[in-house]
Amino acid sequence: MAFKTVDLNIYIYEGTEGSYTSTDLKYNIQKSIIGEDTEVVFEISELVRDYIDQTFNNDYLSKCVWVTTIATLIDDEGVVFTYGSPVSTNYLAVDGYGYFEDEINPTLIGNALMTANSIYLPEDTTGKLPIYAAGVGKVTIDSVDTEITDNGNTNQKLQYVTIPANSSTIQVYDTDDSTLLRTITVYNVCEPKYTPFKVTFVNKYGAYQDLYFFKKSTETFNVTDETFKRNTVTTNSAVNYATYKGQKERYNTNATKTISLNTGFINEDNNSTIEELFLSDNVWIRYGSQTLPIIPKTKSLTLKTSLNDKLANYTVEFDFAFNKINNVR
């Protein structure tokens, strides 16, 4: 009897590891060995991603799920193996990704959930540092410690440590509270002329990350409509038409708005932040007192370096992800 088929049950759920029930069974997949292969490979990331709801209202919630896979091994005669089967495995899933250069199934960093080692904030403004709770023991911000605890629940696996206004240095320590993992520099920007805009996006680690645009912003308005030609002739007392009635009638009128934002000068370290912003499916802007969805309209960008450009200054256009006239149905 030779190994032939795998029957895979995929449970996706929130809460603590292994706390799934029968209602959490989302997929049942069966796959057989092909030709001379000796293994069966399942790609489940896109299936799991459907169950991570990326909604953001300036609330910085932990968006992740537990995934338990139970693989039942079956031989070429349809008999279930009793030795080494079924195989149960637990995973914590976030809406992140790796780059091609990272090769298959890369392990993402498990401490501060951001690539850059610098953060830009407006003066007198607090910020948020995304961290993976299971990989961090404490966060020290200008000598003030914040202890990080992990109870295993998905609602706190991704945590957002508040960065006090006008802070300068963040140190992220391992779970032993003594091994320094990351040092992140905070730059507090004085901007007396323009109003900074905060853009929040889901980065490559599946965490919410903020990026402030400090300099000039412009908004443009694009209207779409359709017209039809109507008959305005009346035949009541005589054949005539009213000159105040147009032959052309407008309908399906709406508009979309675009905003162009400028980062101001940032260091080369933040090139990775700009890249991840461009690659994100989920982006929001803090606009007035509301959090509104936007979509990066700029599709290409030349990354700047200190050697070639001295200082980096990026201009990015975003479309607001809704029509101006409310036609939500």
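For this structure, a couple of remarks:
- Condition check for residue 265: modelled with pLDDT of 90 or more, over 22 Å from residue 58 (Cβ atoms) and outside the structural domain of residue 186 (by TED's automatic domain parsing): no
- Matching entry among 200, 154, 220 (being touching a residue at least 24 places away in the same chain (Cβ under 8 Å), loosely packed, with under 15 Cβ neighbours inside 10 Å and out of contact with any helix residue (DSSP H, G or I) (no Cβ under 9 Å at 6 or more places or on another chain)): 220
- When residue 110 is tested against (1) exposed (fewer than 12 other Cβ atoms within 10 Å of the Cβ); (2) of a type outside the set (Val, Ile, Thr); (3) outside any helix (DSSP H, G or I); (4) free of Cβ contacts under 8 Å to residues at least 40 places away in the same chain, only condition (1) is not met.
- Residue list for segment 1-32, filter: in a strand (DSSP E or B) and acidic (Asp, Glu): 7
- Residue within segment 183-201 that is among the polar types (S, T, N, Q), within 26 Å of the chain's Cα centre (by Cα) and part of a loop (DSSP other than H, G, I, E, B) present: yes
The values are calculated or read from the model by the stated rules, or taken from the named source; none is laboratory data. Computed from a predicted structure; not experimentally measured. Note that each Cβ is placed from the backbone with ideal geometry, even for glycine, and that neighbours are counted across all protein chains shown.
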